[in-house]
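The values are calculated or read from the model by the stated rules, or taken from the named source; none is laboratory data. The structure presented is a predicted model; accordingly, all values stated were derived computationally and were not measured. Cβ sites come from the backbone with ideal geometry, for glycine too, and all protein chains shown count toward neighbours.
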Amino acid sequence: MIGKSGNKHLFLTGYMGSGKSSVGLLLSKQLSKHFIDLDARIEESEKMSVAKIFKEKGEKYFRNKESCILREIIRNPNLTVIALGGGTISDSSNLKASLDNGLLIYLEASASTIVKRIKKETVERPLLAQFKTDTDLLNFIETHLNSRLVNYRKADFTIDTNEKKRDQIIAEISAIINLNKS
């Protein structure tokens, strides 16, 4: 078990493109634990992409579904590595549930790093599909990221992912987990 009071889950949070899914999957393999990507679980449940859910059902519907599925995942008694959606902890009840049921780690990336990582994927990302230039995309991400920072910074730990390889990030998370076992 990891986290405060022997809590069972490891939650990764951060803005889109911060590495939650890719790092989470590799970390879960290293720990021999189950991995859940919250957005993928929602897509599986709804039988449509996040972008399509946003377009057809709206962000409010998506956020409600996200909260319900997060609570289902948390009830699992086994340690699970969970990649939260970029906006999951914008909801204070989701933030509290994550903090109360495991170790919440914020994977921090600058707006310019995020643009580099995701600029080829804007069509699949519902919040970014409207931006046609890198400058417009950067301006949006800076503003949007700043609006989420207050909750991201409530995480138990923050790891700067700028200019780091996945292996380096995983090593830092592993060190945090080992510190929290004692």
**Prompt:** Hey, does the range 111-122 have a residue that's free of Cβ contacts under 8 Å to residues at least 60 places away in the same chain and either within 14 Å of the chain's Cα centre (by Cα) or part of a loop (DSSP other than H, G, I, E, B) (or both)?
**Reply:** no
**Prompt:** residue 143 fails exactly one of the following numbered conditions: (1) surrounded by 12 or more Cβ atoms within 10 Å (Cβ to Cβ); (2) at pLDDT 90 or above. What is the number of that condition?
**Reply:** (1)
**Prompt:** Filtering the range 40-50 down to residues that are crowded, with 17+ Cβ neighbours inside 10 Å and at pLDDT 95 or above, which residue is nearest to residue 9 (Cα to Cα)?
**Reply:** 41
**Count of residues meeting criterion [closer than 23 Å to residue 144 by Cβ and surrounded by 20 or more Cβ atoms within 10 Å (Cβ to Cβ)] in the range 16-32** = 7
**Request:** Name the single residue, out of those in the range 41-76 being part of a loop (DSSP other than H, G, I, E, B) and of a type outside the set (D, E, K, R), that is nearest to residue 99 (Cα to Cα).
**Result:** 76
**Request:** Find the residue count for the range 78-102, including only residues that are modelled with pLDDT of 95 or more and more than 21 Å from residue 63 (Cβ to Cβ).
**Result:** 1
**Request:** Can you give me the number of residues within the range 163-181 that are loosely packed, with under 12 Cβ neighbours inside 10 Å and in a loop (DSSP other than H, G, I, E, B)?
**Result:** 2
**Message:** Yes or no: the range 98-110 includes at least one residue that is crowded, with 22+ Cβ neighbours inside 10 Å, of a type in the set (A, V, I, L, M), closer than 16 Å to residue 141 by Cα and touching a Gly at 6+ places or on another chain (Cβ under 9 Å).
**Reply:** yes
**Prompt:** Residue check, residue 35 against (1) farther than 22 Å from residue 147 by Cα; (2) in a helix (DSSP H, G or I), all met but one. Which one?
**Reply:** (2)
